[in-house]
Each structure stands twice: as structure tokens, then as C-alpha cells.
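**Student:** One structure follows; several queries about it will come next.
The values are calculated or read from the model by the stated rules, or taken from the named source; none is laboratory data. Note that this is a predicted model, so its numbers are computed, not measured. Reconstructed Cβ throughout: ideal geometry from the backbone, glycine too, with neighbour counts over all protein chains shown.
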Amino acid sequence: MKKDSLPKVFNSKTLKVYKNKKLNHANFSNFTHNDYQVYLHLISKIGGVDKLGKYLQPQDLQREHKLTAKEFSELFNVSVSNCYVILKQAVDVLMKTDIRIEKPNDTGFWRINICSMAEYNKYSGCIIVKFTDDVMPYLAQVKEKFTLYNLKEIANFGSLYTTRLYELLQDFKTTGWMLKSVEELRNTFATGNKFKAYKDFKKYTFAHACQEINDNYDIELRFEEIKKGRKIVEVKFFFKPTKVIQRFDQNGQVHNTYISPTAKIKPEKRKSVKSSKKINKLIDVTPKHTLVEEQQPVSKNIFMSLFDKIKSKQN
């Protein structure tokens, strides 16, 4: 469908990541954290509603989208000069990568290409990406089996594993708990041959991710390990559930409003104790030393004056 023939789209004021749950659990094998952030930023541009407030079907969605270095810089707090490099590298990854999506009932999987075209323009500082027909149904807005969150919620995360775990939690955000097998986590995190020992996998992926999520949000995320014999086979995560408020629009359609987790305000960096002590020491010592030097001539003058008076009386 040509761009001019597509229906007018009314987008949310806040960029939202909207995707099918199968795509949310997909294996993005060779994506770095920056690549994945670019991908999420691009898919947040898809979607919206028509003039009647209805979600658009996959064939009605615009497949081609542009992302500028300035946009990426403002959202993810990265210098614009670094964003040029990030966008350029992401173009290659997006074009070369096909993602693996599991079929229902563990019957196999599909491999789907994300983009059919990706362009980098260093003069305008942007990339233009065209998503494939195969991936669009997984990015369409439907009423069931979808993952939804505000893009800015993952903007401060410094690890791909943190972002991926946070996304998995969104599928269970109203329940307050999530159960995943170790193999499911390995697949979603796309660790491949890395972290073969479970203790290393735990340390560098979901344990670290839990800490980073808790550092950013008042969510009280924790986990318990479930064993089968002596082997840990599953991990159960617990967290504060998200509140959902239902409302009806003018057309009688029900819309859910999700209360996002409370972000923690990080305090400003304070001066180190060592530096403060040095400053105090200079303040304490310098005036005393100066006063001693200034008082010496005064004391000498008073003493000599008294000595002269006594001497004159004796004479």
C-alpha cells in the first residue's frame, strides 16, 4: 500500500513500545545494547489509531520510519557525535539480522528478517528503515497478547540484559510475579555460548539486571531459584504489580491506563569526605598561623612600652 493511501494516524504524545508477546520473547542474536535501543526507538514510531480511535491493521501501518541522531541523543542521553556512530552500526545489524520466534506448543520456530531496507545519511544525521511484511503483524496493535510500555522507561538502563528482563516483566506486570525456565532466559538474552556455567549466567544477566532495575525504580524486584534434583531449572521473579485503570472513550471502547513504576530520583553527587577534610584543614590552619604572626609584633610592642615606663620611674 502506498504511503499516500494510508489512513491518517493519531499517535500518542509519549513514545510507546508496542509488540506481540512472541516478538517480545524473540532471540535477537547479535544485537548490542545500542542496536536494540535503536530498534525499540524505531518500532515506537509505528502504530497509533485512526480518526475513529481504532487500532490500525498491519496492512494499514506505515513500514518506513526515520530516526535522527538528535532524537536518539535526547531520549537515551548520549552525545550527538556518538549517536552518529551508533546509528551507522545499527543499520548494518538491522539489515543482516533475522530474529527467531518460537512457534506455539514448542513445535519449532520461524526466522524472520526485520528490515527490507535500511539507509544511513551522515549529512542529515539520520537513518531510514523499512520493516518487512513478515515482521509487521508482530508490531501491529491488537487487543490481546501484546507487550506495551513507555520507551523512556528503559532509557537509563546500561545493559541489554536489563532491558530484556524489564520487557519480559511487562507481560506479567499486573500479576506481580513471573516464572521462566533457565533455557527460556538464555534464549531471550541471546547469550549463545557465553556464560556456560549457571553461576556466571546468573551473575552477569538477570542478577545484575534485577539490581539495575531496582536502582532505577521502586519495584522491589527479587528472584527465587527452583531446582530439579541438584540442578536449577527455573527462576521465579517477584515485584510490585502495576495498577490498571480502565476508561471508556467516546466510541464506547475500553482503554487501559497502566500506572508506570515510580522512578527513583538519584541524588546529586556529594564531595568526598577526603576532599572535605583537606579543605577544612586548610581553613583551620591558615588563619591560626596568620594570627600568630600578626600578634607577635603587637605583644612585643606592649612589653617594650611597659619596660620603658618602669625604667623611667626608677630613674
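**Student:** Restricting to segment 91-122, and then to whatever is touching a strand residue (DSSP E or B) at 6+ places or on another chain (Cβ under 7 Å), at pLDDT 90 or above and not in a strand (DSSP E or B), can you tell me which residue is surrounded by the fewest Cβ atoms within 10 Å (Cβ to Cβ)?
**Tutor:** Within segment 91-122, the first condition is being touching a strand residue (DSSP E or B) at 6+ places or on another chain (Cβ under 7 Å), and the residues that meet it are 91, 94-95, 98-103, 109-120.
Going one step further and asking which of them are at pLDDT 90 or above, we end up with 91, 94-95, 111-120.
Then keep just the ones that are not in a strand (DSSP E or B); that gives 91, 94-95, 114.
Numbers: Val91: 19, Leu94: 21, Met95: 15, Ile114: 26.
Filtering segment 91-122 for residues that are touching a strand residue (DSSP E or B) at 6+ places or on another chain (Cβ under 7 Å), at pLDDT 90 or above and not in a strand (DSSP E or B), the one surrounded by the fewest Cβ atoms within 10 Å (Cβ to Cβ) comes out as Met95.
**Student:** Oh, and also: For segment 62-90, how many residues are of a type in the set (Gly, Ala, Ser), out of contact with any Cys (no Cβ under 7 Å at 6 or more places or on another chain) and either part of a helix (DSSP H, G or I) or not assigned by TED's automatic domain parsing to the domain that holds Met117 (or both)?
**Tutor:** So the answer is 2.
**Student:** Which of the following residues is assigned by TED's automatic domain parsing to the domain that holds Lys45, touching a residue at least 12 places away in the same chain (Cβ under 8 Å), surrounded by 14 or more Cβ atoms within 10 Å (Cβ to Cβ) and of a type outside the set (A, V, I, L, M, F, W, C): Tyr149, Tyr166, Tyr161?
**Tutor:** Working: Tyr166 fails: assigned by TED's automatic domain parsing to the domain that holds Lys45; Tyr161 fails: assigned by TED's automatic domain parsing to the domain that holds Lys45.
Criteria check complete, one pass: Tyr149.
**Student:** Residues to consider are Asp133, Asp200; find the one that is loosely packed, with under 13 Cβ neighbours inside 10 Å and either part of a loop (DSSP other than H, G, I, E, B) or of a type outside the set (D, E, K, R) (or both). Before you say what the answer is, go through the steps one by one.
**Tutor:** Numbers: Asp200 fails: either part of a loop (DSSP other than H, G, I, E, B) or of a type outside the set (D, E, K, R) (or both).
So the residue among Asp133, Asp200 that is loosely packed, with under 13 Cβ neighbours inside 10 Å and either part of a loop (DSSP other than H, G, I, E, B) or of a type outside the set (D, E, K, R) (or both) is Asp133.
**Student:** Please give the number of the condition Lys45 fails out of (1) more than 17 Å from the chain's Cα centre (by Cα); (2) modelled with pLDDT under 90; (3) assigned to a loop (DSSP other than H, G, I, E, B).
**Tutor:** Of (1) more than 17 Å from the chain's Cα centre (by Cα); (2) modelled with pLDDT under 90; (3) assigned to a loop (DSSP other than H, G, I, E, B), only one is false for Lys45: (2).
**Student:** Of all the residues that make up segment 72-84, how many are of a type outside the set (Phe, Trp, Tyr), under 11 Å from Gly125 (Cβ atoms) and surrounded by 13 or more Cβ atoms within 10 Å (Cβ to Cβ)?
**Tutor:** At the first step, the residues of segment 72-84 found to be of a type outside the set (Phe, Trp, Tyr) are 73-75, 77-83.
Still in the list and also under 11 Å from Gly125 (Cβ atoms): 73, 80-81, 83.
If we keep only those that are surrounded by 13 or more Cβ atoms within 10 Å (Cβ to Cβ) too, we end up with 73, 80, 83.
Selection size over segment 72-84: 3.
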